[in-house]
Structure formats: C-alpha cells, structure tokens
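Read the figures in this text as sums done on the coordinates, not as results from a lab. Quick caveat, the model's predicted, so the values are computed rather than measured. Every residue, glycine among them, receives a Cβ derived from its backbone with ideal geometry; neighbour counts consider all protein chains shown.
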Amino acid sequence: MYRRLVGICGLAIAQLRYERARTLFAVCGITVAVLSVTLLASSGMGVLSVGEQQFDAADRDLWVTAGPLGLTTVGGGGLDNSIQGGHEIAAEMAAHEEVRVAAPLAFQTVYVSSDTEEFETVIGVGKPSGNSISFVEGDGFSGGDQHYNSGSYDGPLSQEIVIDQRTAQAHDVSVGDSLFVGGTLSTARQNEYTVVGISETFSGFVAAPTAVVHLSELQTLTGTSGTDTVTMIILEVEEGAEVAAVQSELQQEFPALEVRTNEDQLESIVGDQATLIAGAALLVGLAIVSGAVLTIDLLLLFVSQHRRELATLSALGLSSGTVTTLVVSQGLVLGILGLVSGVVLTYPLARLLNMLAEWVVGYEGLVTVDSRVFVVGAVIAIGIGGLASLVAAWRLPSGEPLRDL
C-alpha cells in the first residue's frame, strides 16, 4: 500500500513537472491566497499589539469622549473636539473618591514655522497640568497652566512649547530656539514660543509630528477657549480601585459621554475601521477564489487532455480509485507547494510592509507574524487543493472505458 501511494505521488509530481507553466500559475494562485491570509492576520495582530502598547504607555485607566473625532473647517480647519466644558467636567470627575487624576486633553491642527515664511501643519497637543512627559532633550515646561486662570483665560502665556524630533528636524530647531505657532497663519505669526523640550510621548500616540503646549494656550491659539472644547478626558483611578466599577459609576453620572477602559477604547478605534476591514476581507476572499479557480482549471485541464490515457489505464484494469488518487495527489501537491511558497514569502513581505507602515504612519511593528497564522494558511492551501481535486475527480472518465478510447 505504501509503495503504491509513493508510486502514485511520483507519477502526479512527474505530470505536474511536465505541465510546468500551468503548474506555476496554479501554485502562484495558491501562494497569493496564503499570503493574503497570513499578512492580513499578521497586520491585525500587530495593530492590536501596538494599540495595547500605546494605551499601556499612556498609563491611564479610563478614557472619556463624546463621540468620534472628525474634521472641522472652523478657525481655518483642524480636529473637531467634541467635549465642551472640558475643564469643568474633568474637575467633577476628579471629585469622585476613587479617581486620582482626571486630565482634559485636546488635539488640534496648528501651523508652525521657524521664520514666519514657511509653515507646516502638525498636531497641536493641549497638555493638561501635571501630565507626565518623557523628554529626549530638554527639561520641559517651567511651570503649570497659568493662562486658564479659573476659566477666564486671561492669565499669562508661558510661551513654551515641546516638539517631537520630526518637527525639530523639519525646522532645524532645538531646545532654546523659537517657533511660531497658531491655529491660523495670522495667529501663528503673532505667537512666538520657545522650544523647551524634545519629546516623542504624544507623537508616538498619534503617529504624527506634534507640538505640545498647555491646554488653555492651545485653546486660545485655535479659538476654542470660549467653549473649552477638548478631545478627551483621561482618568487614572486610585490604587486598588476596581476600574470597571468606576467606569460604570461615571457612565451613569455622565450619560452624554462615553467612558471606556483601555480595552474598550481600542475596540472602538478598531470598530470605526469596519469599512476598511470589510474591504480587506473581500480582497482575501478574492485571493482565495482566484487560487481555487487556477488550481481547479489546471486539474480539469489535466483530466480533459489525458482522458484517453486515463481511460486506457482503466481498461488495463487500474481501479477508478487509483486514478482518482492520482488526481487528488496532484491537488494536494499543488496545495503544499503553494503553502511552502506562502510561508517562505510571508516573513520578507512582512518586513517590507513594516518598513512602509513606519514610513507612512510612524508606527513600528504593525505587521506581527505569528505561527498561528500559518495554521490558517495551511487550511486555505490544502483546502484549495482538496476542492480542486474533488471537482476534477468528478470529471474523470466513468462507465465503459472503451467509449473514451
């Protein structure tokens, strides 16, 4: 029995080697199907892993928002921060006995320039008081947010700014140099700030160049101080407090807002990309279908072109089961070859995608190859080979073999 199977497999491989061009196309089709699954799954795992790392690095327990973050044309354009009265709401949340820190945070598009001639748009970050920042260079802000002044926004401006390395390189500035910043070009030309630090804390979180100032100063620079709008309020609970319980209590107290844990916030961000995910799934489906069609076409062509030979084998006494095994063996060999090619190509393509993703969005490791994705790839490859074999076997000569001779 063993020798018989080895002989059939050898014959199947020899036939595939003879039909080299068609075999190559079929293997390429299966390889594309395997790669589409392994790379997409690896991308999903990488995004979730990077997202979890970013939330862990933020060292916060709860995230409060008032809906999705969108674009606005108000004030020359920027990000639409949806929480109004951010300072007051944060103070009310901080009064909760199990909340240690409630810090409002804002992100707005701002213009920056070192010479008031060539401006660049970056993400302006309104830093809450007491929020920790890790510095690559410099010591950071010399004091707290005095401009807010209990809601009057008439306190002195610090005129201090912290930028990331990309912004520093783009404008050839370092700690001690000056940058002009504002929500509009006119406002930017009137507000000169001193660089007091270089930090990647927020640029790593939003994957874009950033300019960090005190929250009230960003609101003044972008014209949002009248409504005290912020993007989110980030909370840190007391040590030993149950995060889920605090979330539930605050959600009941502030029903118009959405209070989420780190996991909930990450799921929300991923869920907002439903259209993109559906499109990627469609591409995977098309790759699988195309791989199956190419393989089925190859095996059907083999059966059609060798119908007389197969009939001759049947007439000589070769059982239909043996002939079927020959066709099935070819399908499985094609599946295995496609699987091996897909696995071999997954790692270099994943590295290439990581380099591209880092260049485009600024995040590293967005494509994380896990051994589990190859299990799914194997199921796809062997499944395609098996399906093609079943279809081709159905077209095998049946009945009286002499009719086909």
Once Lys and Arg are counted +1 and Asp and Glu -1 for all other residues with Cβ under 12 Å from that of SER129, the total becomes -1
Just how far, in whole angstrom, is segment 205-234 from segment 133-172 if you go by their alpha carbon centroids? 11
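Between ASP154 and TRP394, take the C-beta separation as r, use R0 = 60 Å, and let me know the FRET efficiency to the nearest 0.05.
0.10
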Taking r as the C-beta separation of LEU24 and SER371 and R0 as 35 Å, the FRET efficiency to the nearest 0.05 is 0.80
Taking the radius of gyration and the Kirkwood hydrodynamic radius from Cα positions alone, what is the Rg/Rh ratio for segment 67-256, to two decimal places? 0.98
